[in-house]
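**Q** Please see the structure below; I have some questions.
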Amino acid sequence: MSIKLEHITYTYSPGTVYEMHALKDVDMEIPDGQFMGIIGHTGSGKSTLIQHFNGLMKPTSGKVLYNGQDIWAEKYDRQKLRSKVGLVFQYPEHQLFEAEVLEDVCFGPKNLGLSKEEAEERAVRALTQAGLSEKFYKSSPFELSGGQKRRAAIAGVLAMEPEVLILDEPTAGLDPQGRDEILDQIASLHSLRGITVILVSHSMEDIAKYVERMIVMNKGEKAFDGVPREVFSHYKELEAMGLAAPQITYIMHALGERGLHVDTSATTVEEAKASILQALERLDK
Amino acid sequence: MGIVKAIKLVHDYYKYDESGHVEGTYRALDNVELDIEAGQFIAVLGHNGSGKSTLAKHINALLFPTEGALWLDGMNTTEEEDIWKIRQKAGMVFQNPDNQIIGTVVEEDVGFGPENMGIPTDDIWQRVNESLEAVGMTAYRHHSPNKLSGGQKQRVAIAGVMAMHPKCIILDEPTAMLDPNGRKEVLRAVKELNEKEGITVVLITHYMEEVVNADKVFVMDQGKVVMQGTPREVFSRVEELKSYRLDVPQVTLLAYELKQAGVKIPAGILTTEELVNALCQ
Amino acid sequence: MIRDITIGQYYPADSILHRLDPRVKFVGTIMFLVSLFVANSFWGYLLATVFLAAVIIMSKVPVKFMLKGLKPLFFILLITVAFNLFLIPGKVLWQFWIFKITQEGILQAVKIGIRLIYLVIGSSVMTLTTTPNQLTDGLERLMRPLNKIRVPVHDIAMMMSIALRFIPILMEETDKIMKAQIARGADFENGNLIQKAKNLLPLLVPLFISAFRRADDLAMAMEARCYHGGENRTSMKPLKYHSRDTSAYLCIFLYLAADIAIRVLI
């Protein structure tokens with residue numbers, strides 16, 4: 001059970017003056033149950049990439065395999081694939097349309113052909129998992145706050161009970177606490193349901209804190225692929241791509257250069273704190 | 001009196017029922033006191049719904065106080081005959097770059113404000129040229145705004161405000177919809193305007209890294225100004241900020257955590273350099 | 001898809017046509033459209049072809065870009081041509097069941113086809129070489145006399161120019177919403193007409209809500225930049241006729257005169 005991309009290339013308007021290679025020969029495999037992050041600046045190809053995972057975009061060349069099957073094979077049911085590989089886009093405003101939240105979340109399951117009762121049952125479960133309290137079920141989705149809208153949108157995809165959940169910048173426009181709450185919710189979803197989670201983000205700090213594997217996209221190519229602390233050790237190359245490592249990485253490297261024996265691969269505040277305290281202790285002795 | 005001064009500023013939003021009667025009120029601003037000196041770089045922090053956007057719209061006379069008053073450069077915003085002067089002197093940049101660009105060509109958009117003010121044609125051109133130069137967008141003057149990146153669009157929006165020759169510019173979460181590069185681009189442009197042209201800047205945001213260089217920071221919560229001071233003063237109160245749904249830059253948080261653990265470093269560290277110097281004396 | 005529509009899209013280039021006063025281009029386009037209906041003979045069409053070709057070359061806009069504007073109208077074109085081809089009575093050349101193709105029919109179909117194509121290309125030459133702002137400025141000036149009978153000419157012009165700016169943005173947004181709903185299993189392609197219309201709801205509701213929000217934001221942004229209608233407003237690019245505009249007017253009138261002369265004389 002996995003998503004596998006083999007030599008994926010995607011070209012916009014091929015053969016015209018506007019020709020643009022959004023993806024160039026991208027290979028990757030995402031095993032079941034992984035919490036993965038994708039990072040890259042605007043135009044790096046990350047949005048194009050995630051739309052290949054659920055068959056919203058067809059590669060110009062290359063193969064997309066889901067559980068070993070080619071999703072662009074003639075008889076493959078891509079509608080079903082989209083319920084298995086759920087994609088939540090950046091703006092919840094782009095998907096919320098019903099008069100009531102609960103009804104809106106039912107849209108996905110209903111499209112799968114489920115009865116009203118089954119759909120509602122799933123919707124309630126999804127809303128609980130997305131952390132939206134029952135008192136909002138009958139509210140209009142348009143009157144919710146930014147964070148609540150985001151939860152309703154995530155529930156709308158969760159209700160299809162996907163095996164893979166892709167989130168495109170789920171924290172854009174949220175305030176710091178709203179951001180932490182949504183990310184914590186996603187992390188608990190991952191551990192609770194054991195589904196694969198693919199998180200697209202601009203924030204290196206968030207990626208460092210949550211994911212077990214990260215992919216850096218640059219100019220349509222996979223630039224780095226590994227555990228965050230390993231990828232962040234290439235912080236100078238990341239900078240050349242217009243990205244940056246978390247602030248912690250810079251602090252640790254600067255301390256290292258000044259002769260303090262700290263772990264330069266620390267990426268979160270907790271790791272950094274532990275490492276600095278240890279180093280200072282050693283210094284005192 | 002400073003360039004922006006508010007006394008006991010209150011703003012209530014009314015909620016109407018279907019027949020048009022007032023059903024309830026929501027207090028977005030609650031006795032806000034503000035005094036901003038000309039030429040300063042001011043940051044207003046607060047979570048979503050804390051009232052910071054409502055405050056911004058008062059400075060530009062897009063909203064009017066329910067109680068109390070606000071003066072811009074000595075003009076009371078409720079004086080109807082001054083309204084266009086106020087809007088000219090206090091330029092406003094909004095969050096969504098697409099929804100504030102009116103022109104279909106960059107330079108025409110920058111000229112929109114001066115056209116409305118009735119500036120003679122030759123002067124409009126001069127203002128447009130200067131403003132585009134100030135934000136570094138001269139090379140894109142003939143482009144369609146739709147083809148620009150988010151950061152570039154926001155710089156065009158800033159140029160559009162600059163061309164009105166304001167004394168003060170208010171930016172309402174100008175970077176919330178941008179990627180990190182766009183964010184840096186916009187902040188650099190804003191900082192330069194403040195330093196080179198001496199324009200008062202009021203930056204409304206919830207990104208903590210953006211306010212490190214501000215002269216003064218106001219923190220809002222539930223319509224009230226709950227904290228104010230230099231970034232160093234405000235950021236040294238980590239727990240308090242967290243209680244207002246905000247956080248501090250990673251370096252400040254790390255320094256705070258180390259200090260809590262007994263390491264002897266000063267409070268309110270704002271930059272990597274400061275922390276490194278404090279640890280490696 | 002919908003993005004292919006080139007109408008209302010400006011193509012930046014440095015050409016004599018780009019520099020012409022929008023009023024000239026507007027009047028010229030109308031004249032050209034009139035000329036298409038005046039032309040009725042081979043020579044008339046030849047003249048129109050030469051004129052259009054010359055204008056296209058002068059505009060420095062790639063021909064491919066102009067032809068792209070025809071794509072969305074292809075279907076209408078096909079139907080119109082087919083109607084004329086089969087329904088005009090006359091000397092029968094070929095018959096199958098109730099379908100007859102007549103000599104007159106072919107002639108008429110070719111004429112209508114050419115007229116339609118030229119019509120679209122002719123007007124897209126104007127929109128491709130004139131920024132929407134200039135276009136609305138031009139219209140505003142040409143229609144100014146209507147102000148006297150209380151037509152809010154400035155407001156109409158402003159609305160048009162804003163609509164033109166937001167068309168591409170809303171197109172892109174439509175695309176995004178469609179994708180977000182398809183990801184939730186929405187189906188925009190199958191089903192009968194009623195089902196199809198119903199299936200559009202998940203697309204139209206978010207689109208309308210977003211459009212209203214944008215309108216709201218924009219109104220606020222315009223007010224913040226001191227917009228208060230057309231009164232006491234100056235212009236960054238005021239319309240002034242230059243000698244090239246006079247020459248252009250002259251060319252257009254000569255062309256139309258020649259067109260009429262051909263119609264009358266031949």
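**Q** Using amide H atoms built 1.01 Å from N in the peptide plane, name the residues 5+ places from A:Trp72, or on other chains, whose amide H lies under 5 Å from its own.
**A** Excluding prolines and chain starts, which carry no amide H, the hits are A:Val64.
**Q** Going by alpha carbons, how many degrees (0 to 90, nearest 10) lie between the helix axis of A:176-193 and the longest principal axis of chain A?
**A** Result, in degrees: 70.
**Q** Could you work out how far the C-alpha centroid of the stretch A:80-105 sits from that of the stretch C:154-183, in angstrom?
**A** Here the two parts' Cα centres lie 22 Å apart.
**Q** What angle, in degrees between 0 and 90 and rounded to the nearest 10, separates the Cα long axis of helix A:269-284 from the longest principal axis of the Cα atoms of chain A?
**A** Tilt relative to chain A: about 10 degrees.
**Q** Here's a follow-up. Add +1 for every Lys or Arg and -1 for every Asp or Glu among the other residues with Cβ under 14 Å from the Cβ of C:Ile117, and state the total.
**A** Numbers: positive: C:Lys68, C:Lys71, C:Lys111, C:Arg115; negative: none.
My count for the surroundings of C:Ile117 gives +4.
**Q** Between A:Glu118 and A:Lys63, 0.36 nm times their residue separation minus their Cα-Cα distance comes to what? Don't skip to the answer; put the middle values down first.
**A** Working: separation 55, 0.36 × 55 = 19.80 nm, distance 3.48 nm.
So the extension gain works out to 16.3 nm.
**Q** For the pairing of chain C with chain B, what total accessible surface becomes buried, with a 1.4 angstrom probe, in square angstrom to the nearest 100?
**A** Working: alone 17610 and 13940 Å², together 28410 Å².
For chain C against chain B, roughly 3100 Å² becomes buried.
**Q** Can you give the FRET efficiency for B:Glu195 and B:Gln228, using 1/(1 + (r/R0)^6), R0 = 22 Å, r = Cβ-Cβ distance, to the nearest 0.05?
**A** Details: r = 22 Å, r/R0 = 1.01.
Approximately 0.50, to the nearest 0.05.
**Q** Between B:Glu79 and B:Ala38, how many nm apart are label points set 7 Å from Cα along the C-beta direction?
**A** The modelled label-to-label distance comes out at 1.6 nm.
**Q** Find the accessible area per residue for the stretch A:246-285; the probe is 1.4 Å, ligands and nucleic acids are left out, and the unit is Å². Mind showing how you got there, number by number?
**A** Numbers: 2080 Å² over 40 residues.
Averaged over the residues of the stretch A:246-285, the accessible area is 52 Å².
**Q** Also, quick follow-up: At a 1.4 Å probe radius, carbon and sulfur cover how many percent of the accessible area of the stretch C:151-224?
**A** Values: 2620 of 3840 Å².
That fraction is 68 percent.
**Q** Next question. Pick from A:Ser47, A:Ser191, A:Ser145: which residue has the top mean-square fluctuation in a GNM of chain A where Cα pairs under 10 Å get a spring?
**A** A:Ser145
**Q** Show me C:134-146, C:243-255 ranked by packing, highest mean number of other Cβ atoms within 10 Å first. Spell out each step's value before the answer.
**A** On the way: C:134-146: 18.4, C:243-255: 14.6.
Answer by packing, highest mean first, reads C:134-146, C:243-255.
**Q** Let me ask something else. Could you run the numbers on buried accessible area between A and C, total for both chains, 1.4 angstrom probe, in Å² to the nearest 100?
**A** Values: alone 14240 and 17610 Å², together 30060 Å².
Rounded to the nearest hundred, the buried surface is 1800 Å².
**Q** Next up: For A:Tyr91, B:Tyr207, what's the largest-to-smallest order of accessible area, 1.4 Å probe? Spell out each step's value before the answer.
**A** On the way: A:Tyr91 70, B:Tyr207 40 Å².
Of A:Tyr91, B:Tyr207, the descending order of accessible area is A:Tyr91, B:Tyr207.
**Q** Still on this structure, please answer the following. So, with a 1.4 angstrom probe, what is the percent of accessible area on the stretch A:246-285 that is carbon and sulfur? Could the numbers behind the result be given before it?
**A** Values: 1020 of 2080 Å².
After summing per-atom areas, the C and S share lands at 49 percent.
**Q** Follow-up question, since we're still on this one. Beyond a 23 Å Cα-Cα separation, which of these cross-linked pairs lie in this structure: A:Lys63/C:Lys64; C:Lys64/C:Lys237; A:Lys149/B:Lys52; C:Lys60/C:Lys111; A:Lys46/B:Lys184; B:Lys89/C:Lys240? Write out the running numbers ahead of the final one.
**A** Values: A:Lys63/C:Lys64 33 Å; C:Lys64/C:Lys237 30 Å; A:Lys149/B:Lys52 21 Å; C:Lys60/C:Lys111 27 Å; A:Lys46/B:Lys184 21 Å; B:Lys89/C:Lys240 31 Å.
Pairs exceeding 23 Å: A:Lys63/C:Lys64; C:Lys64/C:Lys237; C:Lys60/C:Lys111; B:Lys89/C:Lys240.
**Q** For peptide B:246-257, what's the mean number of Cβ atoms from other chains within 10 Å of each residue's Cβ? Don't skip to the end; give the middle numbers.
**A** Values: counts 3, 5, 1, 2, 11, 6, 1, 5, 11, 2, 2, 7.
Counting other chains' Cβ atoms within 10 Å and averaging over B:246-257 gives 5.
**Q** Take the cross-link list A:Lys4/A:Lys58; A:Lys80/C:Lys176; B:Lys57/B:Lys147; B:Lys147/B:Lys196; C:Lys176/C:Lys196 and give me the ones stretching past 22 Å between alpha-carbons. All intermediate terms of the calculation are to be shown ahead of the outcome.
**A** Numbers: A:Lys4/A:Lys58 14 Å; A:Lys80/C:Lys176 20 Å; B:Lys57/B:Lys147 29 Å; B:Lys147/B:Lys196 29 Å; C:Lys176/C:Lys196 19 Å.
Checking Cα-Cα distances, B:Lys57/B:Lys147; B:Lys147/B:Lys196 exceed 22 Å.
**Q** Another question about this same structure. What is the helix-to-structure angle for A:116-130, meaning the angle in degrees between its Cα long axis and the longest Cα principal axis of chain A, kept from 0 to 90 and rounded to the nearest 10?
**A** Compared with the principal axis, the helix lies near 10 degrees.
**Q** A further question on this structure: Under 18 Å from a label point 7 Å along Cα→Cβ of A:Asp184: give me every residue in the stretch B:210-239 with its amide N that close.
**A** Within reach of a label on A:Asp184: B:238-239.
**Q** For B:Val186, what charge total do you get from the other residues with a beta carbon under 14 Å from its beta carbon, if Lys and Arg give +1 and Asp and Glu give -1?
**A** Working: positive: B:Lys153, B:Arg155, B:Arg183, B:Lys184, B:Arg188, B:Lys191; negative: B:Asp172, B:Glu173, B:Asp179, B:Glu185, B:Glu192, B:Glu209, B:Glu210.
Neighbourhood net charge equals -1.
**Q** Would you kindly state how much longer the chain becomes between C:Ile57 and C:Phe99 on full extension, computed as 0.36 nm times their sequence separation minus their alpha carbon distance, in nm to one decimal? Numbers along the way, then the final one.
**A** Working: separation 42, 0.36 × 42 = 15.12 nm, distance 4.09 nm.
That works out to 11.0 nm of additional length.
**Q** Using protein chains only (no ligands, no nucleic acids) and a 1.4 Å probe, work out which residues of the stretch B:138-152 have their accessible area cut by at least 40 Å² relative to the chain alone.
**A** Residues meeting the cut-off: B:Asn146.
**Q** Follow-up question, since we're still on this one. Which shape class, rounded, prolate or oblate, goes with chain C when its Cα gyration tensor gives a ≥ b ≥ c as root eigenvalues, a/c under 1.5 marks rounded, and past that a/b bigger than b/c marks prolate? Provide the component values of the computation, followed by the final result.
**A** Values: a/c = 2.32, a/b = 1.12, b/c = 2.08.
Oblate.
**Q** Between the alpha-carbon centers of the stretch B:139-183 and the stretch A:213-285, tell me the distance in whole angstrom.
**A** 33
**Q** How far apart, in nm, are the 7 Å Cα→Cβ label points at C:Met143 and A:Glu134?
**A** 5.7
**Q** Counting residues in the stretch B:226-281 as N, plug N into 2.2 N^0.38 Å and put the Cα Rg over that result. Walk me through the numbers before you get to the answer.
**A** Values: Rg = 11.0 Å, N = 56, 2.2 N^0.38 = 10.2 Å.
Dividing the Cα Rg of the stretch B:226-281 by 2.2 N^0.38 Å gives 1.09.
**Q** Once you list every other residue whose beta carbon is under 14 Å from the beta carbon of C:Ala197, what net charge do they have if Lys and Arg are +1 and Asp and Glu are -1?
**A** Values: positive: C:Lys196, C:Lys198; negative: C:Asp187, C:Glu189.
That sum, taken over residues with Cβ under 14 Å, equals 0.
**Q** I want to check the label-to-label distance for C:Thr49 and B:Asn146. Put each point 7 Å from Cα in the C-beta direction and report it in nm to one decimal.
**A** According to this spin-label approximation, the distance is 3.3 nm.
**Q** Over all alpha-carbon pairs of the protein assembly as shown, lay out the pair-distance distribution in 20 Å bins, whole %, shortest bin first.
**A** Spelled out bin by bin, the protein assembly as shown gives 13, 40, 35, 11, 2, 0 percent.
**Q** Computing the accessible area with a 1.4 Å probe over protein heavy atoms, can you report the carbon and sulfur percentage for the stretch B:62-177?
**A** Carbon with sulfur: 47 percent of the solvent-accessible area.
**Q** Pick from A:Leu127, A:Leu183, A:Leu260: which residue has the top mean-square fluctuation in a GNM of chain A where Cα pairs under 10 Å get a spring?
**A** Top of the fluctuation ranking is A:Leu260.
**Q** Also: Report the accessible surface area buried between chains A and B, summing both sides, using a 1.4 Å probe on protein heavy atoms only, in Å² rounded to the nearest 100. All intermediate terms of the calculation are to be shown ahead of the outcome.
**A** Values: alone 14240 and 13940 Å², together 25600 Å².
The summed interface area works out to 2600 Å².
**Q** Pull out the extension gain between B:Glu240 and B:Tyr26, defined as 0.36 nm times the separation in residues minus the alpha carbon to alpha carbon distance; nm, one decimal. Display every interim value, and only then the final one.
**A** Working: separation 214, 0.36 × 214 = 77.04 nm, distance 2.47 nm.
Extra length from B:Glu240 to B:Tyr26 when fully extended: 74.6 nm.
**Q** According to the square roots a ≥ b ≥ c of the eigenvalues of the Cα gyration tensor, what is the shape class of the stretch C:7-47, taking rounded for a/c under 1.5, prolate for a/b larger than b/c otherwise, and oblate for the remainder?
**A** Values: a/c = 2.51, a/b = 2.22, b/c = 1.13.
Prolate is the answer for the stretch C:7-47, as a/c is 1.5 or above and a/b outweighs b/c.
The values are calculated or read from the model by the stated rules, or taken from the named source; none is laboratory data. The shown structure was predicted, so the numbers you read here are calculated from the model rather than taken from an experiment. Cβ coordinates were reconstructed from backbone atoms using ideal geometry, including for glycine residues, and neighbour counts include every protein chain displayed. Please note that ligands, DNA and RNA were not included when accessible areas were found on the heavy atoms of the full protein model with its side chains. Shrake-Rupley method; radii C 1.70, N 1.55, O 1.52, S 1.80 Å.
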